[in-house]
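Handing you this structure, nothing more for now.
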Amino acid sequence: MGYCPCRKLVSDKLNPNQQQVVETTEGPVLVLAGAGSGKTRSVIFRAAWLIMEKKVPPWNILIVTFTNKAAGELKDRLENLLQFPVRSLWVGTFHSICTRILRFESKNLPFHSNFSIYDEDDQKALLKKIYKQNNIDTQKYPLARVLNTISRYKNKLLLPDDLSNQSEEIGAYGDFFNVFLNLYTLYQQQMMLNQAMDFDDILLWTAKLLENNQAVRDKYRNQFKYVMIDEYQDTNHAQFKIVHLIASGHRNICVVGDDDQAIYSWRGASIRNILEFERDYGAVKTIRLEQNYRSTNAILDLANSLIKHNRRRHSKDLWSDLGTGEKPSLIVFDDENDEAQNIIKRIIKLNKAGTPWQECAVLYRTNAQSRVFEYACVDQKAPYSIVGSLYFYQRKEIKDLMAYLKILANPRDNESLLRIINEPARGIGQTTIYRLISFATEHNLMLFNALLKADKIDSIQSSIRKKLLDFALMLETWQKLVTKKPVLTIVKTILEELKWVELYQSSHDPKEVSRAENLVEFVSAVSEFTEKYLSDNDKAPLLEDYLPFVALQTDLDQVSDNKDTIRLMTMHNAKGLEFDNVFIVGLEQELLPHRMSMDSPEEIEEERRLFYVAVTRARKTLTLSYAKFRRIYDTYAYTQPSMFLGDLNPECFIKAGDTGAILTQPRPKPKKKNVLTESMKAYKIGQKVTHPEYGEGIILNVDGEGISARLTVSFKNGKLARIIGSFLSSGKSE
């Protein structure tokens with residue numbers, strides 16, 4: 001073994017609080033590590049201290065990280081510090097550690113040691129077969145909702161047999177629960193037959209094994225004499241249970257995390273794990289890491305003034321030795337395009353002054369917001385990349401909608417037709433598609449023409465033939481419109497007749513809700529294109545005018561090989577990253593906090609934490625912005641500034657008007673001839689209304705006067721709709 005002068009290194013390289021983390025090895029330790037406070041360094045030095053100073057064998061240490069990448073980097077840095085390999089150290093994610101345990105302990109499980117691990121696509125494929133075999137309606141019981149509910153129960157360590165007392169669940173889920181329970185049972189039976197586990201199973205079976213088998217539990221308690229868990233605020237119930245079963249015996253557990261950065265409740269993470277650590281283990285030593293090594297004090301002052309408004313948190317006050325720095329700025333733009341164009345202009349100016357593109361990040365709340373920034377980058381020839389997400393026009397739901405447009409413009413486009421034949425789901429499976437293709441080949445027909453003759457394909461059962469023919473006739477009806485109606489009308493017709501946005505919005509899966517937002521954003525994009533086209537032409541653009549424009553937008557070769565690019569990303573995807581210059585955009589009510597996350601104080605606090613995470617990504621400069629108007633669907637709507645801007649100490653930022661910042665050019669609002677004074681309107685923006693079918697909503701835009709005005713209404717159930725005022729059941733309501 002090489003020599004590691006740990007004591008000197010610890011005193012030289014770490015601040016007093018970090019040293020305390022390293023040297024406090026016995027008993028439960030809670031490390032409240034603020035953003036940028038050097039927590040990874042503390043964990044690495046603590047592991048080195050245990051090995052070199054306490055003479056603990058590496059195989060007696062368990063370190064759990066949030067990502068595989070973090071695990072690899074931690075091990076590399078530890079070996080660098082120690083100057084010898086530590087192959088026997090157990091370091092990895094919960095899933096990698098638990099998979100290792102399950103393979104070792106297969107004799108105690110109903111699985112053999114080489115069980116398969118199913119990813120999300122495997123899960124969907126299996127569930128689709130179960131739906132087909134049992135005649136389950138995918139519209140009534142959406143696949144995404146069922147998988148999401150299965151995941152939720154597994155995170156609670158509940159298998160189908162554990163759900164015998166159903167009264168509470170039926171109350172929560174209604175009729176859905178009985179069908180769901182049958183699906184869950186069949187799904188688990190099939191997983192067992194296939195000797196397969198999904199990602200939630202890996203945690204569930206490990207927790208059940210440790211809980212129910214004392215010999216196995218004692219084995220791992222004796223092996224893992226020292227346990228360290230990183231990002232503890234992001235652990236779920238199953239992960240908490242696994243850690244507690246291993247560590248509650250010797251209680252030599254050190255958890256590192258920041259409750260102010262807990263932003264993953266939507267995927268099962270529980271902030272209670274870090275808030276109630278003292279209750280779970282008792283006699284806990286709490287150490288706060290508040291010195292920040294990333295940001296200037298001007299940025300940290302703003303972050304502190306924001307997060308102190310959360311009640312459910314451990315108090316922390318970040319500070320830095322990096323100087324005061326430049327005060328963050330708040331800029332109000334006319335609309336979202338103005339915001340995007342001017343933010344990208346600022347970034348170009350920074351780049352010309354010597355800042356690398358990759359040190360500039362634009363952070364937004366929803367994936368759909370990326371579109372205007374992608375366009376601004378292309379328009380101004382600035383290289384960009386989207387972190388942790390697909391480019392707007394590459395997202396599945398956008399490609400699906402584009403496939404509809406392509407097949408309407410070119411019926412010979414078989415690939416587009418095959419993409420949408422069962423999108424959204426209409427009960428047309430792979431066997432049917434194979435028989436349709438065989439019929440087309442046998443009769444030398446275009447696939448679209450074969451669809452129109454679906455009633456003559458004897459190898460397909462009559463009910464499915466009807467679905468094929470209905471689909472073909474729907475496309476044929478739309479095809480007749482493409483040379484007569486504007487492209488905006490075509491797109492809206494497709495979405496409205498398919499009820500596509502509502503379908504995604506009805507899901508409980510955040511991914512599906514995001515798809516709905518992207519489809520709505522697509523309409524905004526077509527509406528914007530239409531306005532620009534009309535400024536140079538006498539008539540509204542047709543589909544044939546729009547498709548070439550989109551083709552240019554999807555040509556991303558310029559950024560594919562260029563690592564030095566502007567980073568565009570959601571606030572969730574920004575966690576763990578840092579940049580010299582950060583631009584947080586779209587700071588408006590219903591974007592941040594998001595309209596789907598405003599029903600409880602807990603949801604509001606998580607949205608505030610998300611904003612805090614975004615703020616603390618910045619090293620040198622921070623720019624906040626919002627738009628006074630935002631296009632929603634095909635209408636401009638007034639916005640309200642985010643409630644979180646009111647949390648900020650006014651001394652902590654500069655308003656754009658105070659600094660002579662960018663002057664914006666107001667964009668013309670559509671239909672100015674119809675602008676009415678408020679006193680002339682029967683309905684007002686911000687007014688609450690009720691619809692007999694959609695329930696309660698709030699008016700975002702008013703077009704016209706009296707009860708016949710056309711209203712854009714955001715309903716509490718997530719639906720966004722254009723409605724004539726007279727259709728509101730109770731008229732107007734305050």
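Please list, in order along segment 179-185, the HN-Hα scalar couplings obtained from phi with the Karplus expression 6.51 cos²θ - 1.76 cosθ + 1.60 (θ = phi - 60°), rounded to whole Hz, x for Gly and Pro.
5, 4, 4, 5, 5, 4, 4
Another question, then. In whole angstrom, and with the biggest value first, how far do the Cα coordinates of segment 113-261 range along each principal axis?
That gives 52, 38, 29 Å along the principal axes, largest extent first.
What number, in percent, do you get for the relative contact order of segment 68-215 if the mean sequence gap of Cα pairs under 8 Å and at least 6 apart is divided by its residue count?
It comes to 34 percent, rounded to a whole number.
If each residue of separation counts as 0.36 nm, what is the full-extension length gain between residue 13 and residue 213 once their alpha-carbon separation is subtracted?
67.7 nm
Okay, next question. As a test of the definition: which semi-axes, in Å, follow for segment 246-310 when you take the square root of five times each eigenvalue of its alpha carbon gyration tensor? Largest first, please.
For segment 246-310, the ellipsoid semi-axes come out as 27, 16, 10 Å.
Rounded, prolate or oblate: which fits the chain, taking a ≥ b ≥ c as square roots of the Cα gyration tensor eigenvalues, rounded meaning a/c under 1.5, else prolate when a/b beats b/c?
oblate
Taking 7 Å along the Cα-to-C-beta vector as the label spot, tell me the residue 358-residue 547 distance in nanometres, rounded to one decimal.
Reported label-point gap for residue 358 and residue 547 is 3.9 nm.
Show me the ranking of peptides 109-120, 498-509 by mean Cβ neighbours inside 10 Å, starting with the highest.
498-509, 109-120
Figure the gain on full extension for residue 444 and residue 120 (residue separation times 0.36 nm, minus the Cα-Cα span) and round it to one decimal in nm.
Full-extension gain reported as 112.9 nm.
Return the Cα extents of segment 470-522 along principal axes one, two and three, sorted largest first, each rounded to a whole Å.
Taking the Cα atoms of segment 470-522, the three principal extents are 37, 24, 11 Å.
Two decimals, Cα atoms only, Kirkwood Rh: what is Rg/Rh over segment 432-513?
Ratio of gyration radius to Kirkwood radius for segment 432-513: 1.08.
Here is a further query. Using +1 on the beta carbon of Lys and Arg, -1 on that of Asp and Glu, and nothing else charged, what's the dipole of segment 145-290 about the Cα centre, debye to 20?
480
When only C-alpha pairs under 8 Å and at least 6 residues apart count, what is the relative contact order of the chain, in percent?
Computed over the chain, the figure is 15 percent.
Something else now. Excluding residues fewer than 8 places away in the same chain, name every one of the aspartates and glutamates whose C-alpha is closer than 14 Å to that of residue 480.
Correct list for residue 480: 544.
Return the carbon/sulfur percentage of the accessible area of segment 24-164, one whole number, probe 1.4 Å, all protein chains in place.
Result for segment 24-164: 48 percent of the exposed heavy-atom area is carbon or sulfur.
Given a Förster radius of 41 Å and the C-beta distance between residue 132 and residue 483 as r, what FRET efficiency does 1/(1 + (r/R0)^6) yield to the nearest 0.05?
Approximately 0.55, to the nearest 0.05.
What angle do you read, to the nearest 10 degrees and between 0 and 90, between the alpha-carbon axis of helix 297-307 and the longest principal axis of the chain?
With both axes taken from Cα atoms, the answer is about 80 degrees.
Could you give the Stokes-Einstein D for segment 6-153 in µm² per second, using the C-alpha Kirkwood radius, 25 °C, 0.890 mPa s?
D = 130 µm²/s.
Right, something else. Count the DSSP beta bridges whose two residues both fall in the chain, then state the antiparallel fraction as a percent rounded to the nearest 5.
30
Hey, got the dipole for the chain? About the Cα centre, +1 on K and R Cβ, -1 on D and E Cβ, debye to the nearest 20?
My answer is approximately 640 debye.
Related question: Measuring from label point to label point, each 7 Å out along Cα→Cβ, what is the residue 100 to residue 112 span in nm?
Here the modelled spin labels are 2.5 nm apart.
Quick check: residue separation of residue 685 and residue 473 times 0.36 nm, minus the Cα distance between them. What number comes out in nm?
72.3 nm
Which lysines have a Cα lying under 17 Å from the Cα of residue 466, excluding residues fewer than 8 positions away in the same chain?
453, 456
Okay, moving on. Alpha carbon centre of segment 192-268 versus segment 419-479: separation in Å?
When both Cα centres are located, 49 Å separates them.
At what distance in nm do the modelled label points of residue 394 and residue 710 sit from each other, each positioned 7 Å from its Cα along Cα→Cβ?
My value for the distance between the label points is 3.6 nm.
What is the angle, in °, between the Cα long axis of helix 543-553 and the longest principal axis of the Cα atoms in the chain? Nearest 10 is fine, range 0 to 90.
Roughly 20 degrees between the two axes.
To the nearest Å, what is the center-to-center distance of segment 34-68 and segment 586-623, using C-alpha atoms only?
Rounded to whole Å, the Cα centres lie 31 Å apart.
Continuing with this model, one more query. Once the Cβ-Cβ distance between residue 189 and residue 456 is put in as r, and R0 is 41 Å, what FRET efficiency do you end up with, to the nearest 0.05?
Efficiency at R0 = 41 Å is approximately 0.55.
Here is a further query. Relative to the longest principal axis of the C-alpha atoms of the chain, give the angle of the C-alpha long axis of helix 214-223, reported between 0 and 90° and rounded to the nearest 10°.
70
Keeping all protein chains in place, calculate the accessible area per residue for the chain (probe 1.4 angstrom), answer in Å².
Roughly 45 Å² per residue, with all protein chains present.
Still on this structure, please answer the following. Along the positive direction of the dipole of the chain (beta-carbon charges: Lys, Arg +1; Asp, Glu -1; about the Cα centre), which of 385, 289, 43 reaches farthest?
43
To one decimal place, what Kirkwood hydrodynamic radius in Å is obtained for segment 81-123 from all pairs of distinct Cα atoms?
Answer for segment 81-123: a Kirkwood hydrodynamic radius of 12.7 Å.
Quick one: of 345/688; 485/511; 54/75; 13/219; 54/156; 75/154, which pairs are farther than 27 Å apart, Cα to Cα?
Among 345/688; 485/511; 54/75; 13/219; 54/156; 75/154, the Cα-Cα distance tops 27 Å for 345/688; 485/511; 13/219; 54/156; 75/154.
The values are calculated or read from the model by the stated rules, or taken from the named source; none is laboratory data. All values reported here derive from a predicted model rather than from experimental measurement. Cβ: placed from backbone, ideal geometry, glycine included. Neighbour counts: every protein chain shown. For the accessible areas, the whole protein counts, side chains as well, though only heavy atoms, and no ligand, DNA or RNA atoms are used. Shrake-Rupley method; radii C 1.70, N 1.55, O 1.52, S 1.80 Å.
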